[in-house]
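Each value in this text was obtained by applying a stated rule to the coordinates, not by laboratory testing. Fair warning: this is a prediction, and the values are worked out from it, not measured in the lab. Cβ atoms come from the backbone with ideal geometry, glycine included; neighbour counts cover every protein chain shown.
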Amino acid sequence: MAKVNLKRIKSSEIEFKDRLVAIKRVTKVAKGGRTFSFAAIVVVGDENGIVGYGLGKAKEVTSAIAKGIDDAKKNLVEVPVINNTIPHEQTGKFSGAEVFIKPAAPGTGVIAGGAMRAVLESVGVSNVLAKSKGSSNPHSVVKATVDALTKERDAKTIAELRGVDLNTVFNG
């Protein structure tokens, strides 16, 4: 399989919208008693083909979300979005979570749940069919969805990889 060249994007140049996927309270039990802190997973995107996810942990909810946003801006990837949908079907896997995404006709909307919906809307896909299989852990589902999106390739990229004209990709 050909290696896809992922271009890293500078987060200072683009206006991002952030979405909180999940937040949980974690407890550390020590000799002196229980210590509570929060872990937040956040997805950021420009709704035009760029998306990233991050994890933030802190003693307060707002600090955990802010750390998650900063971490997400460090892990940005570019995804091909054509006519508000993805170019082709794709599966993604991370740990116990497996996701399946499929392009949809205009007007379909985002048919996806929870963590997948946040990632797909952040990347700018507005017509897609998606299914999450296996683990429903939000961290794993987000990572599996980003894995599936990074495997997506548009016709122009395929033509460049093969070293042929764009019309040759479609006509044979």
- Treat each spin label as a single point 7 Å out from the Cα along the C-beta direction, and report the residue 111 to residue 82 distance in nm. 2.1 nm
- Determine the gain in length on full extension of the stretch residue 23-residue 37; use 0.36 nm per residue of separation and subtract their C-alpha separation, reporting nm with one decimal. 4.0 nm
- Query: Which lysines does residue 57 reach when only Cα atoms under 21 Å apart count, and residues fewer than 8 places away in its own chain are ignored?
  - Reply: 17, 24, 28, 67, 73, 74, 143
- Item | Prolate/oblate/rounded label for the range 6-107 (Cα gyration tensor, a/c 1.5) | prolate
- So how far apart, in nm, are the two label points at residue 59 and residue 91 if each is 7 Å from Cα heading toward Cβ? 4.6 nm
- What shape does the range 79-163 have by the C-alpha gyration tensor, where a ≥ b ≥ c are the square roots of the eigenvalues, rounded means a/c under 1.5, and otherwise prolate means a/b greater than b/c and oblate the rest? oblate
- Message: Give me the extension gain from residue 150 to residue 74: residue separation times 0.36 nm, minus the current Cα-Cα distance, reported in nm with one decimal.
- Response: 25.8 nm
- Task: Residues in the range 126-164, backbone N under 20 Å from the label point at residue 100 (7 Å along the Cα-to-beta-carbon vector): list them, ranges by number please.
- Result: 127-137, 140-153
- Indicate the gyration tensor shape class of the chain (rounded, prolate or oblate), computed on the Cα atoms with a ≥ b ≥ c the square roots of the eigenvalues: a/c under 1.5 is rounded; otherwise a/b larger than b/c is prolate and the rest oblate. prolate
- Residue separation times 0.36 nm, minus the C-alpha to C-alpha distance between residue 14 and residue 47: what's the value? 10.8 nm
